[in-house]
Amino acid sequence: MLQTIFYGLTIGGILYIISIGLSLTFGAMGIVNFSHGLIYAIGAYTIYAVMAKMGINFILGAVIAVLVSIPFSYIIEKYVIRRLYGESIDYAIIATYAVLLIGVDAIKWIWGASPLPISDPVGISIQFLTMEMPLYRLIIIGLTLLILIGLSLFFKKTIIGKIIIAGLGDREAVRGLGIRLDKYFAIIFILGSALAALGGVLYSPISTLHPYMGFHILILCFAVVIVGGMGNLRGTAIAAFSLGLVMAITGRIWGPAAEAMVYVVMAFVLMIRPIET
Amino acid sequence: MLLGKGRDGVILTVENLEVHYGRAKVLHNIAFKMDEGELVTIVGRNGSGKTTLLKTLGGFLKPSAGSILFRGQRIDGLGPENVALKGIRYVFQDKRVFGELTVKENIELAAYPIKENLEKAVQKVLSVYPRLEKFLHSKAKGLSGGERQILLIGRVLIGQPQLLLIDEPTEGLAAKIISEITAILLSMKGQFSMIVVEQNLATVARLADKIHIMKEGVMFKEITDPEMIRQPSQYENDL
């Protein structure tokens with residue numbers, strides 16, 4: 001059971017890293033951003049490309065993958081997302097879904113449709129009580145905690161973080177102070193996208209790469225955002241780890257129901273706390 | 001002429017202003033002038049267009065026709081960020097503080113875009129209402145309605161405001177707090193030009209240099225006679 005909890009925390013950590021950007025885009029800009037799944041896939045395929053084709057090690061590859069995602073997210077923010085501020089949510093869904101579809105076809109064109117594996121970059125397990133834990137998964141949990149603390153400090157201590165927190169609550173009032181909120185939202189969009197790319201990097205050794213991987217993770221992340229509350233940073237963290245544990249524990253009892261149980265939890269949350277529109 | 005002043009001491013000129021919400025026209029041919037240092041109140045029933053007018057002046061709504069001149073320069077079409085940086089500051093109704101931030105952080109955000117020193121900004125807000133000092137490090141969502149309103153008014157005084165747009169400052173507050181806020185607004189009178197949307201005619205009578213009565217999106221009546229302004233019974237039937 002301890003190992004199941006440990007696996008759940010790993011999945012929860014990765015879900016948190018990917019979901020935080022989605023939650024901020026939802027909460028701050030009112031935009032449902034399907035292209036987030038593409039950035040996640042770009043992170044995963046870039047680490048594959050630099051490791052398999054160029055022989056670069058995992059850590060440097062991870063840095064390159066995150067850096068590669070930045071111009072993509074910048075272009076998506078500038079030419080798609082920024083034009084959707086204040087528009088109906090339907091336009092955002094259609095436009096960002098189109099970006100995701102274009103990206104998936106581009107991935108198929110470049111790397112093909114077959115699944116691609118990445119091996120565990122650490123390849124060491126450590127003994128704890130009666131069980132063996134892959135060190136790589138421990139590193140993921142540690143990194144997630146560092147990101148959680150780092151983001152918490154960022155939003156509490158920096159002026160950009162405070163502007164975003166204020167903007168999540170009342171966009172008009174922030175703009176009324178003379179603050180160009182769209183500039184700060186763009187920064188946070190790129191930060192959130194970079195984290196999605198990092199999530200793609202971290203998840204690839206414990207999963208396989210395939211062109212539709214962005215779709216798959218996106219649905220789980222939407223569940224995290226809905227359970228945690230749109231734009232609710234603390235809620236996103238709690239929801240990600242909780243749903244990670246739900247997946248792991250359900251998977252241990254009956255494997256095929258692991259992901260379905262996430263949506264059962266989401267449905268339950270929506271029943272007791274409907275989304276305000 | 002003073003540097004930066006509009007012609008003849010006029011700070012704001014609104015001409016033939018029209019605003020639509022979708023296809024519905026909500027402001028019709030609004031026109032008025034406002035002098036430097038003047039306190040103008042806008043009164044009218046709910047839905048008469050008071051807040052729409054104030055939001056249009058603040059850059060939150062784009063007019064479909066007409067012009068707004070601030071110190072002789074057109075500002076209609078500018079976004080609220082640019083309007084604010086010109087010195088026009090907006091106090092929203094409903095006491096909209098940034099609840100997840102502390103009182104001091106609320107002040108910090110107001111000081112940031114105009115590069116005002118934070119401590120100086122805090123002192124400016126405390127000079128309006130010294131009792132806020134004990135709440136500086138508390139989340140603003142814990143403040144009472146009156147304290148929130150005073151924080152909002154103090155926040156717009158940071159930097160060099162020229163024109164304050166204040167929407168329903170006494171709405172939903174207890175009589176004691178209303179009189180405190182009225183006293184604060186009176187103490188600011190003459191230092192800044194102010195447009196105050198207000199439903200409480202007793203407050204209007206104490207504050208106003210000029211009253212505009214709005215009805216169904218038009219400027220129905222203007223009252224400039226100080227004697228008449230002090231007697232709400234003279235114009236309450238016009239609302």
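Listing for the model above:
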item	result
Principal semi-axes in Å for segment A:123-277 [√(5λ), Cα gyration tensor, largest first]	32, 21, 15
Accessible area buried at the A-B interface, both sides summed, 1.4 Å probe (Å², nearest 100)	1800 Å²
Alpha carbon centroid spacing (whole Å) that separates segment A:251-266 from segment B:149-184	53 Å
Per principal axis, descending, Cα span of the protein assembly as shown in whole Å	88, 47, 45
Base-10 log of normalised Debye intensity for chain B (one unit scatterer per alpha-carbon) at q = 0.13 Å⁻¹	-0.79
Taking the C-alpha atoms of segment A:1-143, convex hull volume expressed per residue in Å³	134 Å³
Probe 1.4 Å, accessible area per residue of the protein assembly as shown, Å²	44 Å²
Max mean-square fluctuation residue, GNM over chain A, Cα-Cα springs under 10 Å, options A:Thr46, A:Thr158, A:Thr25	A:Thr158
Simple spin-label estimate for B:Gln191 and B:Leu118 in nanometres, 7 Å along Cα-Cβ	2.3 nm
Test item: B:79-92 mean partner chain Cβ contacts at 10 Å	4
Segment A:77-179, Rg to Rh (Cα coordinates; Rh as Kirkwood inverse mean 1/r)	1.14
For segment A:208-243 and segment A:36-59, distance of Cα centres in Å	21 Å
Hits among lysines - C-alpha to C-alpha of B:Lys221 under 30 Å, sequence gap 8 or more where chains match	B:Lys5, B:Lys25, B:Lys33, B:Lys50, B:Lys55, B:Lys62, B:Lys86, B:Lys95, B:Lys189, B:Lys210
Computed P(r) (all Cα pairs; segment A:14-54; 10 Å bins; percent)	27, 42, 22, 8
Reciprocal of mean inverse Cα separation for chain A (Kirkwood radius, Å)	19.1 Å
Cβ-placed point charges (K, R +1; D, E -1), dipole of the protein assembly as shown about Cα centre in debye, nearest 20	580 debye
Label zone at A:Thr158, where the point sits 7 Å out along the Cα-to-Cβ direction: segment A:1-44 residues whose backbone N lies under 19 Å	A:17-29
With Cα atoms, 0 to 90° folded angle of helix A:258-272 axis to chain A main axis	30 degrees
Angle in degrees between helix B:118-128 and the longest Cα principal axis of chain B, rounded to the nearest 10	70 degrees
C-alpha long axis of helix B:175-188 to longest principal axis of chain B, angle in °	80 degrees
Solvent exposure, largest accessible area first (probe 1.4 Å, DNA, RNA and ligands not counted), of A:Arg83, B:Arg96, A:Arg273	A:Arg83, A:Arg273, B:Arg96
Inter-chain Cβ neighbour average for residues A:160-172, partner chain, 10 Å	4
Of every Cα-Cα pair in segment B:104-239, the percent that sits beyond 27 Å	26 percent
Per-residue SASA entry for B:Thr52, accessible area with 1.4 Å probe, Å² rounded to 10	20 Å²
Those aspartates and glutamates that a straight Cα-Cα span of less than 19 Å connects to A:Lys157, excepting residues fewer than 8 apart in one chain	B:Glu100, B:Glu105, B:Glu108, B:Glu116, B:Glu119
When the convex hull of its Cα atoms is projected in every direction, mean area for segment B:8-125 (nm²)	8.8 nm²
Inter-chain Cβ neighbour average for residues B:111-118, partner chain, 10 Å	2
Gyration tensor (alpha-carbon) shape descriptor, segment B:143-185, a/c threshold 1.5	prolate
Kirkwood Rh and Cα Rg combined as Rg/Rh, segment A:67-113	1.05
Segment A:85-147, accessible surface, carbon-and-sulfur percent (1.4 angstrom probe)	69 percent
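The values are calculated or read from the model by the stated rules, or taken from the named source; none is laboratory data. Keep in mind the model is a prediction, meaning the values are calculated, not measured. For neighbour counting, all protein chains shown are included, and Cβ atoms are generated from backbone atoms with ideal geometry for every residue, glycine included. Heads up: the accessible areas ignore ligands, DNA and RNA and are worked out on the full protein's heavy atoms, side chains in. Shrake-Rupley method; radii C 1.70, N 1.55, O 1.52, S 1.80 Å.
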